[in-house]
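Accompanying notes for the structure given below.
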Amino acid sequence: MLSLVRVEPGLTLVAYSPLLSGSYVRADRPLGPEFEHAGTAPRLSALRAVAAETGATVNQVVLAWLMGGEVPVIPLVGASSVAQLDESLAAVDLELSEAQRVRLDGAY
C-alpha cells in the first residue's frame, strides 16, 4: 500500500485499528497468531524503548510513527474512555527523532 501511495500522492492511507484493540498495552489482549514470527519481539522491544525515551505511551509512539512517516498514515482509532481518547490525541504532538524513526523502521 505504501508503494502505491508514494507514486499516487492524491491517495491517502488510513490504518484501521492500528492499536490492535489494546494488544500493545493490555496483557488480557495478546497479539494474535498472525504476529507470531521472528520480527515481533525486536519490533516490540524497539517500540517500548522509544516510548521510554520519549516519556510517551507505547500507543502514542505507534500513532506518532504512523502520522509522521515519509508517507503519512491516518490512524483510525477507537476509544472506550475519555482517557483513551486523550492518550490518542496527545500523539499528534509527539515528534519522534530521526534516530527513533530509523530504529522503529529497522526493527526486525
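Overview of results
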| item | result |
| --- | --- |
| For Ala79, net neighbour charge (Lys/Arg +1, Asp/Glu -1) across residues whose Cβ lies under 13 Å away | -2 |
| Listed candidates (1) 24, 16, 11; (2) 33, 14, 12; (3) 20, 17, 16 - label of the one calculated as semi-axes √(5λ) of the Cα gyration tensor in Å | (3) |
| Listed residues Leu44, Leu63 arranged by accessible area, highest first, probe 1.4 Å | Leu44, Leu63 |
| Leading residue at positive end of dipole, the chain (Cβ point charges), from Val62, Val7, Ala83 | Val62 |
| Simple Cβ-charge dipole of the chain, Lys/Arg +1 and Asp/Glu -1, about Cα centre, in debye nearest 20 | 200 |
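The values are calculated or read from the model by the stated rules, or taken from the named source; none is laboratory data. Since the structure is predicted, the reported quantities are computational estimates derived from the model, not experimental observations. Don't worry about glycine lacking a Cβ; one is built from the backbone with ideal geometry, like all the others, and counts go over all protein chains shown. Heads up: the accessible areas ignore ligands, DNA and RNA and are worked out on the full protein's heavy atoms, side chains in. Shrake-Rupley method; radii C 1.70, N 1.55, O 1.52, S 1.80 Å.
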